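What follows draws every value from the coordinates through simple rules; no lab data is involved. All of these numbers come straight from a predicted model, not from anything done at the bench. Every residue, glycine as well, gets a Cβ built from its backbone with ideal geometry; the counts of neighbours run over all protein chains shown.
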Amino acid sequence: MQDSPSLPEAAPSPGRDERRMRAAQDVLRTTIRDLYLGHFGAATTGGAMDVQLSLRVNPADNWALEFSPPLLEQLLPQLADREAARDVFTLGHVFCFRCTSSSCDHGRPPDGLHVFKGYDATGRPEWQEFSQTLIDVKDERVDQLYDRPPRLVALFQYGRELKGKQLATFGKASLSYSVLGQVVAGYFELNGERLALSLQIVEGRDREGRMTLKLNPVGYALDGAFLIEWLSLDKSAILFRAMQIAERELDRIEKDVRQARAAGEQDRANRALGRIPGVGRRLAEALSRGGRQEERRTRHAETRRKEQRPVHKALEDAKAAKPEHFYFDLKADTFVVVGEKGRVHAFNEEGKHVTSFMMKPATVAFRVRTERWRRATGEEVVGMRERL
């Protein structure tokens, strides 16, 4: 008896097609959502965004499906571009989760006496006078703010204290702009007026979605180029030195965390992150101690110190130096720029200033001759100028 001919499989019904499409959309939706949350936290992303995906189907191999390039490599740069376009981190500004912007009025103090108080429930930055901040924590140094001249007072605050009222849906769990701690300090002097600062230690994400740690100085009328110019002034030397030390410590922590996470060692990464409060406390102590020392230091001694450590000339000399005055220190792994009048400045590979000092031409020649220094290549000089 002959076998009955097999019947062709019934064509999928329209209802089944629609269910399968919805299931595929849901899987892709949760994949994109979880990828975003894992790299950038819970900050709202605003309106809709276009995502371009490329995939390949091979009917000869049972309709095998392949994303080309891999799905993660396609999605992450597009999500990172979206974050970058939102200006999540802007030097001198606090990110406002209510407005999803760093450029709104909420992200700046209303005047020179106010410091960052914390976020409200909707992620809007709140501000209060520095003196009131000290009063709230019963800091007896508040009286020193009204001495003649006023004393420089600095206080470290934990990030959890600043985000206590903030709701998760309005950025409390954000990884794009997360205040891990801050130092509020004052008073400094700006255009003859008193100025309080909020020096925030901020966790963020770079264009590849990797964690970054930055020190963000926030003060009234201080942003962009004017902020950098003000920090380079002689009267800001205490703050400039203290910030440099804190930024170097944060760079080391960032590097340790990235290495630990890449190796799958989350406990080691957590231990590295646990060093951040120490950075903030040391920054506060350095500012307070520096203020006391500045009061005792005579004008003549300060002038001599600045002549011996020409920190304030670092960027100017690096921009003006000829290519033949760029070197690489093989022992310290730093780029060295020789400026005028014996000024020498060292920068790391990221273009951040490390130190400045005075050196005679004969000493420069000796370090080259003994191969402690080598001349930088033309490509290295171009790259260093760009990073500066």
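Some values worked out for this structure:
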quantity: Of Leu35, Gly339, Ala376, farthest towards positive along the dipole that unit charges on Lys, Arg, Asp, Glu beta carbons give the chain; calculated: Gly339
quantity: Relative contact order %, the stretch 181-296, counting alpha carbon pairs below 8 Å whose residues are six or more apart; calculated: 22
quantity: Value at 222 nm in deg cm²/dmol, rounded to 500, when DSSP H runs of n ≥ 4 in the chain each add -39,500 (n - 2.57); calculated: -12500 deg cm²/dmol
quantity: Positive dipole terminus of the chain, leading residue within Leu287, Leu213, Ala168 (C-beta point charges); calculated: Leu287
quantity: Cα gyration tensor category, rounded, prolate or oblate, for the stretch 105-297 with a/c compared to 1.5; calculated: prolate
quantity: Given charges at Cβ of Lys, Arg, Asp, Glu: the chain dipole, positive-most of Ser103, Leu190, Met21; calculated: Leu190
quantity: Cα centre as origin, Lys/Arg/Asp/Glu Cβ charges: the stretch 309-387 dipole, Debye; calculated: 400
quantity: Crossing angle, helix 71-85 versus the chain [Cα axis fit, 0-90 degrees, rounded to tens]; calculated: 40
quantity: Likely footprinting exposure, Met243, Met359, fewest C-beta neighbours within 10 Å first; calculated: Met359, Met243
quantity: Three-way shape call for the chain based on the alpha-carbon gyration tensor, with the a/c threshold at 1.5; calculated: oblate
quantity: Calculated FRET value between Arg160 and Val382, using beta carbons and R₀ = 45 Å, to 0.05; calculated: 0.55
quantity: Residue exposure sequence - Cys104, Cys96 - by fewest surrounding Cβ within 10 Å; calculated: Cys104, Cys96
quantity: Footprinting exposure proxy for Ile276, Ile201, Ile245 (fewest neighbouring C-beta atoms within 10 Å first); calculated: Ile245, Ile276, Ile201
quantity: Shape call, the stretch 309-387: gyration tensor on alpha carbons, a/c limit 1.5; calculated: rounded
quantity: For the stretch 309-387: relative contact order, % (alpha-carbon pairs under 8 angstrom, 6 or more apart); calculated: 32
quantity: Total charge dipole magnitude, the stretch 105-297, about the Cα centre, Cβ charges on Lys, Arg, Asp, Glu only, Debye to nearest 20; calculated: 660
quantity: The chain, relative contact order in percent, only Cα pairs under 8 angstrom and at least six apart counted; calculated: 11
quantity: Cα centroid separation, the stretch 87-124 to the stretch 260-274 (Å); calculated: 30
